[in-house]
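Some notes on the structure that comes next.
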Amino acid sequence: MEGPLALSRSIDRLNEFIGKSVSWLILLAILVSAGNAVIRKIFDISSNAWLELQWYLFGAAFMLAAAYTLKQNEHIRIDIVYGMFSRRVQHWIDLLGHLLFLMPFVTLMVIYFVPYVSLSFRSGEMSNNSGGLIIWPAKAILLVGFFLLALQGISEIIKKIAIMRGDMDDPNPFISAHEQAELEAKALADEVRS
């Protein structure tokens, strides 16, 4: 199991680096938005390219950080039902969810996005908006985002199997919303007392 775990650690490092790096794109999108608004109000000029750039930056941050979000176990799930089961059952739910839902979905998305991006790139597809940007970089970001999510799915499956076999500790032990609230309240009370 050491070979697959080494692969998992490499995927985790890659997605952690990318996920943390693209967080700066949100700030850049905010600056572009603010700059565009100021220029529009002061000089009464605007460009669809600036609006589309905001969308591209936000989309890139969202898509390229999705794999990091999965690594951090931060995707939304319904903890009401999940929290009622033992940790062993939760591991099985996670494993089957990754195998039966996540991996088929991201695999299909990657397969379908390759020709979609390729056609857009070869044709030099442009925005329908006057003064808009080229389209293929946005489509390529979607492809890369789903590819990274597929890689992280493989990593999560490897880790889940290793945890279930006892080959590694659980890096994300489940804490219900109620338990989390109690821990936060205790930490806040301790901080107030200090």
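The values are calculated or read from the model by the stated rules, or taken from the named source; none is laboratory data. Bear in mind the structure is a predicted one, so any value in this text is a computation, not a measurement. FYI the Cβ positions are ideal-geometry reconstructions off the backbone, even for glycines, and counts take in every protein chain you see. Surface areas here come from the heavy atoms of the whole protein model, side chains and all, with no ligands, DNA or RNA. Shrake-Rupley method; radii C 1.70, N 1.55, O 1.52, S 1.80 Å.
For helix 136-165, what angle does its Cα long axis make with the longest principal axis of the chain, in degrees from 0 to 90 and rounded to 10?
Once rounded, the angle reads 0 degrees.
As I understand it, the dipole of the stretch 26-88 uses +1 on the Cβ of Lys and Arg and -1 on the Cβ of Asp and Glu, about the Cα centre. Which of Ile30, Gly83, Trp50 lies farthest toward its positive end?
The residue sitting most towards the positive pole is Gly83.
Using a 10 Å Cβ count of at most 15 others and DSSP loop calls, identify the longest part of the chain lacking such GluC sites (Glu not before Pro). List each step's numbers first, then the result.
Numbers: sites that count: Glu74, Glu125.
Formally, the longest exposed-site-free interval is 1-73.
Please work out how much length the chain gains when fully extended from Phe43 to Arg193, using 0.36 nm per residue of separation minus the C-alpha to C-alpha distance, in nm with one decimal. Please list the in-between numbers first.
Numbers: separation 150, 0.36 × 150 = 54.00 nm, distance 5.41 nm.
Using 0.36 nm per residue and subtracting the Cα-Cα distance, I get 48.6 nm.
Can you tell me the accessible area per residue over the stretch 10-89, all protein chains present, probe 1.4 angstrom, in square angstrom? Intermediate results must be reported in sequence, preceding the final value.
Details: 5320 Å² over 80 residues.
Value returned for the stretch 10-89: 67 Å² of accessible area per residue.
Would you mind calculating the gained length between Ser86 and Trp55 on full extension (0.36 nm times residue separation, minus the Cα-Cα distance), in nm to one decimal? Could you put the intermediate results ahead of the total?
Details: separation 31, 0.36 × 31 = 11.16 nm, distance 4.18 nm.
Value of the extension gain: 7.0 nm.
Can you work out the accessible area per residue across the stretch 115-194, with the rest of the protein chains kept in place, probe 1.4 Å, in square angstrom? Let's see the in-between values first.
Numbers: 4980 Å² over 80 residues.
Using a 1.4 Å probe on heavy atoms only, each residue of the stretch 115-194 averages 62 Å².
If you roll a 1.4 angstrom probe over the protein chains with everything in place, what fraction of the accessible area of the stretch 97-173 belongs to carbon and sulfur, to the nearest %?
Working: 3040 of 4330 Å².
The C+S portion of the solvent-accessible surface of the stretch 97-173 is 70 percent.
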